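Structure first, commentary second.
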Amino acid sequence: MPDLLVYLFVIGMAVVWGIGGVLFGLAFKQLGSFQLQLSYVAKWLLNPLVIAAVLTGVLSRVLFYVGIQFFSVSQLTLFGALGIVATLALARGLLGDELSTRELVGASLVIVGTALIGR
């Protein structure tokens, strides 16, 4: 697989994961905190945002298994950490979440670590 496609694959996998996290965040904002009541659980499970978030989770797993053809499982797992960075960036951009210094430093370390193992 050419280098550009490899990088696009890794970024795509991370973005799909990030989108799932943001969709769950939007669902929490819409539905409030999770409650263990049957009516609430039914409303939660039938919510389109939750359904879309679950589907993105499934898609990210499918991408992981496709990626095994090109990377080792340990590399893919480390690349998957970019999903955390994508979730932070999307949550900031789409949900307006404030990012702490600790989160920014952590995201930077994930990016640097991923770049180091990607070589």
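The single residue among Gly106, Gly93 that is at pLDDT below 90 and small (Gly, Ala, Ser) turns out to be Gly93.
The set of residues in segment 68-105 that are farther than 24 Å from Leu49 by Cβ and charged (D, E, K, R) contains only Arg102. Considering only residues in segment 69-94 that are exposed (fewer than 13 other Cβ atoms within 10 Å of the Cβ) and under 15 Å from the mean Cα position of the chain (by Cα), the one that is nearest to Gly21 (Cα to Cα) turns out to be Gly93. The number of residues in segment 65-98 being more than 13 Å from Gly25 (Cβ to Cβ) and touching a Leu at 6+ places or on another chain (Cβ under 6 Å) comes to 1.
Here the helices (runs of 4 or more DSSP H) wholly within segment 17-119 that include at least 2 residues being within 18 Å of Tyr7 (Cα to Cα) are 48-67, 73-80, 82-90, 101-117.
The values are calculated or read from the model by the stated rules, or taken from the named source; none is laboratory data. Everything numeric in this text was worked out from a predicted model, so none of it was measured. Note that we place each Cβ from the backbone using ideal geometry, even for glycine, and neighbour counts take in every protein chain shown.
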